[in-house]
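**Q** Have a look at the structure that comes next, please.
The values are calculated or read from the model by the stated rules, or taken from the named source; none is laboratory data. The shown structure was predicted, so the numbers you read here are calculated from the model rather than taken from an experiment. Using ideal geometry, Cβ is built from the backbone for each residue, glycine included, and neighbour counts are taken over all protein chains shown.
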Amino acid sequence: MSKTTKHKSALQEKEGITPTASISHTSAEKLKTNRKKTPSVKQLVAGVLAGNLTSLSRAITIIESKAKKHQQQAHDIIEACLPHANQSLRIGITGVPGVGKSTFIERFGQLLTAKNHKVAVLAVDPSSSISKGSILGDKTRMHDLVKDPLIR
């Protein structure tokens, strides 16, 4: 029978492995601290209006959330962004799987960015029987378009 060693934590460093010198403890703590901060509605809206993708992503997550704690925040975000709406053109594209929707969106987006227009792509799959729909990350299919600085 082997002896089992009792550990204070399941997370431990093996002997002989030294920490990486590329990240200082100060930098690591700063990253951890910033991750824990949840931006206020005001900060999120300011970020969305400034074109900050992280703020936009967080705002979309809150708006799509079904958690009760997010309902008022979602309402406040939408309310604050509405006065800035209607300054864009929205196009819906639909079709059966494999018809070339992503290819069309990529080419069309490239055409628009070549003419110095900003483009945002929100891909949604409404067919999920579990979630009744999901937002997709089609960056995997639109390789060239996502590299464009005018894409959002």
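**Q** Report yes if SER65 is outside the structural domain of VAL119 (by TED's automatic domain parsing), among the hydroxyl-bearing types (Ser, Thr, Tyr) and closer than 26 Å to ASP125 by Cβ, otherwise no. Step through it out loud before you land on a result.
**A** Details: outside the structural domain of VAL119 (by TED's automatic domain parsing): yes; among the hydroxyl-bearing types (Ser, Thr, Tyr): yes; closer than 26 Å to ASP125 by Cβ: yes.
Considered against the rule, which asks whether it is outside the structural domain of VAL119 (by TED's automatic domain parsing), among the hydroxyl-bearing types (Ser, Thr, Tyr) and closer than 26 Å to ASP125 by Cβ, SER65 comes out as yes.
**Q** Could you check, for segment 68-77, whether at least one of its residues is assigned to a helix (DSSP H, G or I), under 27 Å from HIS143 (Cα atoms), polar (S, T, N, Q) and outside the structural domain of PRO149 (by TED's automatic domain parsing)? Talk me through it step by step, then tell me what you get.
**A** Pass one, segment 68-77, residues assigned to a helix (DSSP H, G or I): 68-77.
Narrowing further to those that are under 27 Å from HIS143 (Cα atoms): none.
No, every residue in segment 68-77 fails to be assigned to a helix (DSSP H, G or I), under 27 Å from HIS143 (Cα atoms), polar (S, T, N, Q) and outside the structural domain of PRO149 (by TED's automatic domain parsing).
**Q** I've got another one for you. Looking only at residues that are over 21 Å from the mean Cα position of the chain (by Cα) and of a type in the set (Gly, Ala, Ser) in segment 98-115, which one is surrounded by the fewest Cβ atoms within 10 Å (Cβ to Cβ)?
**A** Within segment 98-115, the match that is surrounded by the fewest Cβ atoms within 10 Å (Cβ to Cβ) is GLY98.
**Q** Also, quick follow-up: Collect the residues in segment 48-73 that are over 21 Å from ASP148 (Cβ atoms) and either at pLDDT 95 or above or among the polar types (S, T, N, Q) (or both), keeping them in residue-number order.
**A** Within segment 48-73, THR61, SER65, GLN71, GLN72, GLN73 qualify.
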